[in-house]
Amino acid sequence: MGRLPVRVRRATAADAAALAALYRGIRQWLLERGNRQWRDERFTADSLRGDIGTTPVLVATLQGRIVGAVYVQWHDPQFWPDRVGGDALYVRRLVVCRQVAGHAVADRLLIAVALLARRHHRWRLRLDCAPLETLARIYHRLSFAMVDESELGGYRVFQFERATVPFSPRRRGGA
């Protein structure tokens, strides 16, 4: 599938309701597949509005509609306690609307995250996810390498890392 003409920008408080709808839709999609990793209370417009005010949240838009999002964190001591330091940016809550999955929306979001990281002299992107082979394949396609599988913060997680330069996701469809 080809790339869509998405635009990536920083989220604003005005995006909170649309972001809440996107995250709730993805949560429902996950629940239908037996994945209960996300709780409802995270995805209210008020909660997301607060998040937008405190951490960078990037959104991908297509014809003015939010079709993807990603949070970034400067540190993640909960899931990366042994990698505390200022050389990485942590990718959180990466989601893509199911109607545009496979059209490189995640690629575009991660390119924007890599650019943000480099502007702040962060040379790695790190992320953790539920220990699902499907997610591992997606992140591998996005040029992340699994660095650990562990029990952290009461959760079993896969941990992935990649350099911010050069950023070129492996081609083959995807999120």
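The values are calculated or read from the model by the stated rules, or taken from the named source; none is laboratory data. Model, not experiment: these values are computed from the prediction. Here the Cβ positions follow ideal geometry from the backbone for every residue, glycine too, while neighbour counts run over all protein chains shown.
Key figures
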item	result
Leading residue by the ranking (modelled with the lowest pLDDT) among those in the range 86-98 that are under 21 Å from Arg27 (Cβ atoms) and outside any strand (DSSP E or B)	Arg98
Out of Val95, Val67, Val72, sole residue that is among the hydrophobic types (A, V, I, L, M, F, W, C), more than 21 Å from Asp128 (Cα to Cα) and under 13 Å from the mean Cα position of the chain (by Cα)	Val67
Single condition Ala17 does not satisfy, out of (1) part of a strand (DSSP E or B); (2) farther than 16 Å from Leu94 by Cβ	(1)
Test set (1) surrounded by fewer than 12 Cβ atoms within 10 Å (Cβ to Cβ); (2) of a type outside the set (Val, Ile, Thr); (3) within 17 Å of the chain's Cα centre (by Cα) - Glu32 fails condition number	(3)
The listed residue being basic (Lys, Arg), surrounded by 17 or more Cβ atoms within 10 Å (Cβ to Cβ) and either modelled with pLDDT of 85 or more or closer than 23 Å to Trp38 by Cα (or both), out of Arg126, Arg83, Arg118	Arg126
Qualifying residue in the range 47-59 (condition: among the small types (Gly, Ala, Ser) and either touching a residue at least 60 places away in the same chain (Cβ under 8 Å) or in a loop (DSSP other than H, G, I, E, B) (or both))	no
Gly25 vs. criteria part of a helix (DSSP H, G or I) and at pLDDT 85 or above	yes
In the range 121-142, the residues that are without any contact (Cβ under 8 Å) to a residue 40 or more places away in the chain and either touching a helix residue (DSSP H, G or I) at 6+ places or on another chain (Cβ under 8 Å) or under 18 Å from Leu58 (Cβ atoms) (or both)	Leu125, Leu127, Cys129, Ile138, Tyr139, Leu142
Check on Ala11, surrounded by 18 or more Cβ atoms within 10 Å (Cβ to Cβ), free of Cβ contacts under 8 Å to residues at least 40 places away in the same chain and either on the phi < 0 side of the Ramachandran plot or not polar (S, T, N, Q) (or both)	no
